[in-house]
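Q: Before I ask anything, here is the structure I am working with.
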Amino acid sequence: MNKLCSGLGKTHDTLTDIGYWIGVLALFAILIMFCYEITARYFFRSPTQWINDFTGYFLLFSTFLLAPRLTRERAHIEISFVKDALPEKPRGYFSAMLFLLAAVACVWAGWYAYEEAMRQYSRGISTMAVVSVPRWWMSAVISYGLINSGIYFLRASIMEFQSSLTRQGR
């Protein structure tokens, strides 16, 4: 069982790393698009029609593709004054419960985004933009980011709980 969980964790981490690098490429593409827009607008007097839309799409993609890795590394914002005020014994359990609560919230919101993506796909809904793209693309990436972040919060909750049990057993 432990070997299976380890393999699933490594697969999840690999998938997250792939998403991370795609997110980094999306940020780089935003930079390139803005440079192209500035050049086209001010040097050739020919502004583009599509760059504003695509920078928004790419910003959404980068945000939700980068979020799971930031969650894995616990680089998210944490307001810890309540946790820090607790004695050592309950602190780990409190952290585990907070991570579990964050996991439930992320998975719930991700599932909602997944259902919305399925609805958008089945109805063929597209964005209202100069260059229209299917809306389900955006909802699917939101779902990916939230559900994977939720899985990392669940993993963190389990690790905190196990760590608390180990500290208590000393």
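Q: Are there DSSP H segments in the chain that both extend 18 Å or more along their axis (alpha-carbon positions) and score a mean Kyte-Doolittle hydropathy of at least 0.5? List them, or say none.
A: Length and hydropathy pass: 2-42, 51-72.
Q: Right, something else. Which FRET efficiency, nearest 0.05, do residue 34 and residue 104 yield, Cβ-Cβ r, R0 35 Å? Show your work: numbers first, answer last.
A: Numbers: r = 38 Å, r/R0 = 1.08.
It comes out at approximately 0.40.
Q: What FRET efficiency do you get for residue 162 and residue 25 if R0 is 45 Å and r is their Cβ-Cβ distance, rounded to the nearest 0.05?
A: Result of the calculation: an efficiency of 0.80.
Q: Probe 1.4 Å, all protein chains in place: accessible area of residue 18 in Å², nearest 10?
A: In the full protein context, residue 18 sits at about 90 Å².
Q: Taking only C-alpha pairs under 8 Å that are 6+ residues apart, what is the relative contact order of the chain in percent?
A: Relative CO of the chain lands at 26 percent.
Q: Also, I was wondering about something else. Pick out which of 81, 54, 28 has the largest mean-square fluctuation in a Gaussian network model of the chain, springs linking Cα atoms closer than 10 Å.
A: Sorting by GNM fluctuation, first place goes to 81.
Q: Per the helix-only calculation at 222 nm, which mean residue ellipticity applies to the chain, given -39500 (n - 2.57) for every DSSP H run of n ≥ 4 and division by its residues, nearest 500 deg cm²/dmol?
A: -29500 deg cm²/dmol
Q: What length, rounded to one decimal in nm, is gained on full extension from residue 41 through to residue 12, with 0.36 nm per residue of separation minus their alpha-carbon distance? It would help to have the intermediate numbers written out before the result.
A: On the way: separation 29, 0.36 × 29 = 10.44 nm, distance 4.28 nm.
Fully extending the segment from residue 41 to residue 12 adds 6.2 nm.
Q: Counting Lys +1, Arg +1, Asp -1, Glu -1, what net charge surrounds residue 76 among other residues with beta carbon under 15 Å of its beta carbon?
A: Counting the neighbours of residue 76, the net charge comes to +2.
Q: Additional query: If you roll a 1.4 angstrom probe over the protein chains with everything in place, what fraction of the accessible area of the chain belongs to carbon and sulfur, to the nearest %?
A: Here it works out to 69 percent.
Q: Restricting attention to the alpha-carbon atoms of the chain, what are Rg (one decimal) and Dmax (integer), both in Å?
A: 20.5, 72
Q: I would also like to ask the following. Compute the distance in nm between two label points, each set 7 Å from the Cα along the Cα-to-Cβ direction, one at residue 112 and one at residue 129.
A: 2.3
Q: Tell me the per residue accessible area of the stretch 76-165 using a 1.4 Å probe; a whole number in Å² is fine.
A: With the other protein chains kept in place, the stretch 76-165 gives 63 Å² per residue.
Q: Just need the relative contact order of the stretch 87-170 here, percent rounded to a whole number, with Cα pairs under 8 Å and 6+ apart.
A: It comes to 46 percent, rounded to a whole number.
The values are calculated or read from the model by the stated rules, or taken from the named source; none is laboratory data. This is a predicted model, so every value here is computed, not measured. Please note: Cβ atoms are built from the backbone with ideal geometry, for glycine as well, and neighbour counts cover all protein chains shown. Each accessible area value is taken on the protein alone, full model and side chains, heavy atoms only, with ligands, DNA and RNA left out. Shrake-Rupley method; radii C 1.70, N 1.55, O 1.52, S 1.80 Å.
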